[in-house]
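The values are calculated or read from the model by the stated rules, or taken from the named source; none is laboratory data. Since the model is a prediction, treat every value here as computed from it, not as a measurement. When we count neighbours, we look across all protein chains shown, and the Cβ atoms used for this are built from the backbone with ideal geometry, even at glycine.
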Amino acid sequence: MEDKNNNSKLVTHRGSCHCKAVTFRIENFSDILTVWKCNCSICIMKQNHHFIVPEKNMVIESGEDKLTTYRFNTMIAKHLFCSICGVQPFYRPRSNPDGYGVTIYCIDKSTIKDIIWKEFDGNNWDQSFEKSNISCLSK
């Protein structure tokens, strides 16, 4: 299936944490990914470069019972990480609590045609959120 607007194809991406206890797939999603680089206090420390996925496109295949949640500040975002290896393959972002932020480095690269990098100023979250239109990406 080809998207005539940006010449991307719809594919299924597969991913996992480091130890592969947590595995997942993203169905019917573009092979051209828009990845957000955020500079907020937690994203900068763990280099959380992620793309937004609507909940309907995300399937956790294994290891949901291995996920541990960390919350801070507004308590909206759910930072999910593997309790075995500590890697965060995806999370529920404050900007998109109805979807997932998927760590680009946890995806099998064979299904990615291209990456568009975007900056998100997490130190000025409200202004960056308004300008970015990021919330529409999980719809």
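The lone criterion from (1) at positive phi; (2) surrounded by fewer than 15 Cβ atoms within 10 Å (Cβ to Cβ); (3) touching a residue at least 40 places away in the same chain (Cβ under 8 Å) left unmet by GLU119 is number (1). Evaluating ASP65 against the criteria (1) in a loop (DSSP other than H, G, I, E, B); (2) farther than 19 Å from PHE29 by Cβ leaves one unmet condition, (1). Name the residues in the range 36-48 that are surrounded by fewer than 18 Cβ atoms within 10 Å (Cβ to Cβ) and modelled with pLDDT of 95 or more, would you? Matches in the range 36-48: LYS37 only. Residues in the range 104-139 that are of a type in the set (Gly, Ala, Ser) and under 19 Å from PHE24 (Cα atoms): SER110, SER138.
Just a yes or no: is a residue in the range 50-59 of a type outside the set (A, V, I, L, M) and farther than 23 Å from ASP98 by Cβ? Looking through the range 50-59, none of the residues is of a type outside the set (A, V, I, L, M) and farther than 23 Å from ASP98 by Cβ. When the range 102-139 is limited to residues that are aliphatic (A, V, I, L, M) and in a helix (DSSP H, G or I), the one that is modelled with the highest pLDDT turns out to be ILE104. Among the numbered conditions (1) assigned to a strand (DSSP E or B); (2) touching a helix residue (DSSP H, G or I) at 6+ places or on another chain (Cβ under 8 Å); (3) surrounded by 15 or more Cβ atoms within 10 Å (Cβ to Cβ), the only one that ASN96 does not meet is (1).
Here is the figure for the range 55-79: residues that are touching a residue at least 24 places away in the same chain (Cβ under 8 Å), closer than 21 Å to PHE120 by Cβ and either of a type in the set (D, E, K, R) or buried (at least 17 other Cβ atoms within 10 Å of the Cβ) (or both) total 4. Condition test on ILE52, is it in contact with a strand residue (DSSP E or B) (Cβ under 9 Å, 6 or more places away or on another chain), free of Cβ contacts under 8 Å to residues at least 60 places away in the same chain and either not in a strand (DSSP E or B) or not aromatic (Phe, Trp, Tyr) (or both)? The answer is no for ILE52. When residues in the range 25-35 are screened for being touching a His at 6+ places or on another chain (Cβ under 7 Å) and either in contact (Cβ under 8 Å) with a residue 40 or more places away in the chain or crowded, with 21+ Cβ neighbours inside 10 Å (or both), 3 of them pass.
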